[in-house]
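Okay, structure first, notes after.
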Amino acid sequence: MDHAPQLANELDLSACWIPFTANRQFKAAPRLFTAAEGVWFTGTDGKRVLDASAGMWCVNAGHGRPEIAKAVEQQLTTLDYAPAFQMAHPAEFELATRLAAMAPAGLDRIFFTNSGSESVDTALKIALAYQRARGESQRTRLIGRERAYHGAGFGGMSVGGIVANRRTFGPMLPGVDHLPHTFDLARNAFSKGQPEHGAELADGLERLIALHGDTIAAVIVEPVAGSTGVLPPPKGYLERLRKICDTHGILLIFDEVITGYGRLGTPFAAQYFGVTPDLMTTAKGLTNAAIPMGAVFVERKVHDALMQGPEHVIELFHGYTYSGHPAACAAAMATLDIYKREGLFERAAKIAPVFQEAVHSLKDVANVIDIRNLGLMAAIEMKPREDGPAKRGYDVFIDCLANGLYARQTGDIIAMSPPLTITEDEIGYAIDKLGAALKAVA
Ligand code: PLP
């Protein structure tokens, strides 16, 4: 670097309104990272902070990968951009072919977006278009789930189940309904891996079908709910959901924005669970977060149903200026090369049991009421403090950060999803810091 990292107190923070953040609180005591390499961030004070969350569940191959930077540079100096509509460039076809080969069987038609939110809105629109194309145009309802996060677009917000994300913005999409969430502290606290109890919650879909008849187009779920605190599906739950969807002509969408690209030790959660959805939304780990990009995986049958009518007519009136952006394609292909060359998905599967035992070692620490995990995802949930929800969680988050650990906080939950490159020693470091913070914070 040819200049020293700028100190937070030398910056004018007023113009930039940062997302999903308490801006006034943040600007009073800003938290900035200025560099990153491997599993480590560097803060403005020059100190190293272990990234136990792969940024935001996205830097799966670890930070600062020169291969990705080089691939992007080469692409930008060769072809920086090609129009996304009615024109194309080679890299998007090459990438789609590679992704199709990694996907669960049959999900081999790929639509590119720029984020998880766009992937979700894209999948919902494809589902609606498909139902219409096959003569089921009464199927206009979309079913989400309580405690789901599907991004910040109106579609994703509507099927999402986070009250705070919705209530400010008035009515959501019409015709949306929600399944019950699968979190059951009384029966499943401190489960290692998938919890035993709750497969029957999938029957909530039967009830919605009884209520709404044949008007449901699609159901969207995160195979493992991430943002609301790592909620692995109860054993048998996803299988049951799949069966009900099949029986009733409803499309099943897995939102794999977090679980995609190795988080559970398989390319996608669909393969981990052995349950294949009809559409799959991805983003984040696709490019190791170096360049924004998302991809929607679509079952051939769904795609083909839309490839009808006169051939000069656009089949799906949808897309983005930056769909399949050359630089993003280059970043994605370099990322997939790293995953393959270094066997990172297999590595994640191998180290997951170590991670599991490490996080569960915090079970008896004061105020810890639950620990949940699957693959390289885990959450430690604390009892809310009397002065209000999320206060203890925030204090633990800040204490961790001050002592060299970054882990995401959501309410009174600390969620961890480290890069798939993390070592046993680094897991040990993270657990030591988190344990110390849990003990230090009243
Ligand atoms: N879907 C899921 C499951 C997510 O976890 C997220 C983000 O965390 C999104 C969608 C939205 O992704 P983005 O922030 O890239 O729009």
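Remarks
- The set of residues in the stretch 231-270 that are away from the ligand (no atom under 16 Å from the Cβ) and outside any helix (DSSP H, G or I) comprises PRO234, LYS235, GLY236, GLY249, ILE250, LEU251, GLY265, THR266, PRO267.
- Number of positions in the stretch 216-230 that are in a loop (DSSP other than H, G, I, E, B) and more than 28 Å from MET333 (Cα to Cα): 3
- One residue stands out in the stretch 251-261 among those that are under 20 Å from PRO180 (Cβ atoms) and free of Cβ contacts under 8 Å to residues at least 60 places away in the same chain: the one that is surrounded by the most Cβ atoms within 10 Å (Cβ to Cβ), namely PHE254.
- Residue that is surrounded by the most Cβ atoms within 10 Å (Cβ to Cβ) [pool: residues in the stretch 41-88 that are closer than 30 Å to THR410 by Cβ and among the polar types (S, T, N, Q)]: ASN60
- Wholly enclosed helices (runs of 4 or more DSSP H) of the stretch 95-174 bearing at least 3 residues of a type outside the set (A, V, I, L, M, F, W, C) and within 11 Å of the ligand (Cβ to nearest atom): 116-133
- One residue stands out in the stretch 271-289 among those that are under 19 Å from ILE351 (Cβ atoms) and either part of a helix (DSSP H, G or I) or touching a His at 6+ places or on another chain (Cβ under 7 Å) (or both): the one that is farthest from the ligand (Cβ to nearest atom), namely GLN271.
- Lone unmet requirement of (1) more than 24 Å from PRO83 (Cα to Cα); (2) small (Gly, Ala, Ser); (3) over 14 Å from the mean Cα position of the chain (by Cα) for GLY285: (3)
- Some residue of the stretch 213-221 being buried (at least 20 other Cβ atoms within 10 Å of the Cβ) and either away from the ligand (no atom under 16 Å from the Cβ) or charged (D, E, K, R) (or both): yes
To keep it simple, each residue is scored yes or no on (1) in the same structural domain as PRO223 (by TED's automatic domain parsing); (2) within 30 Å of ARG385 (Cα to Cα); (3) surrounded by fewer than 18 Cβ atoms within 10 Å (Cβ to Cβ).
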| residue | (1), (2), (3) |
| --- | --- |
| ARG263 | yes, no, no |
| THR276 | yes, no, no |
| THR282 | yes, no, no |
| GLU299 | yes, no, no |
| GLN308 | yes, no, yes |
| ALA328 | yes, no, no |
| LEU336 | yes, no, no |
| ALA352 | no, no, no |
| ILE369 | no, yes, yes |
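- Conditions (1) under 21 Å from the mean Cα position of the chain (by Cα); (2) at negative phi; number of the one not met by THR321: (1)
- Single unsatisfied condition, GLY375 versus (1) in contact (Cβ under 8 Å) with a residue 60 or more places away in the chain; (2) on the phi > 0 side of the Ramachandran plot; (3) surrounded by fewer than 18 Cβ atoms within 10 Å (Cβ to Cβ); (4) not aromatic (Phe, Trp, Tyr): (3)
- Filter pass, LYS192 being of a type in the set (D, E, K, R) and in contact (Cβ under 8 Å) with a residue 24 or more places away in the chain: yes
The values are calculated or read from the model by the stated rules, or taken from the named source; none is laboratory data. Keep in mind that what you see is a predicted model, and the values were worked out from it rather than measured. Don't worry about glycine lacking a Cβ; one is built from the backbone with ideal geometry, like all the others, and counts go over all protein chains shown.
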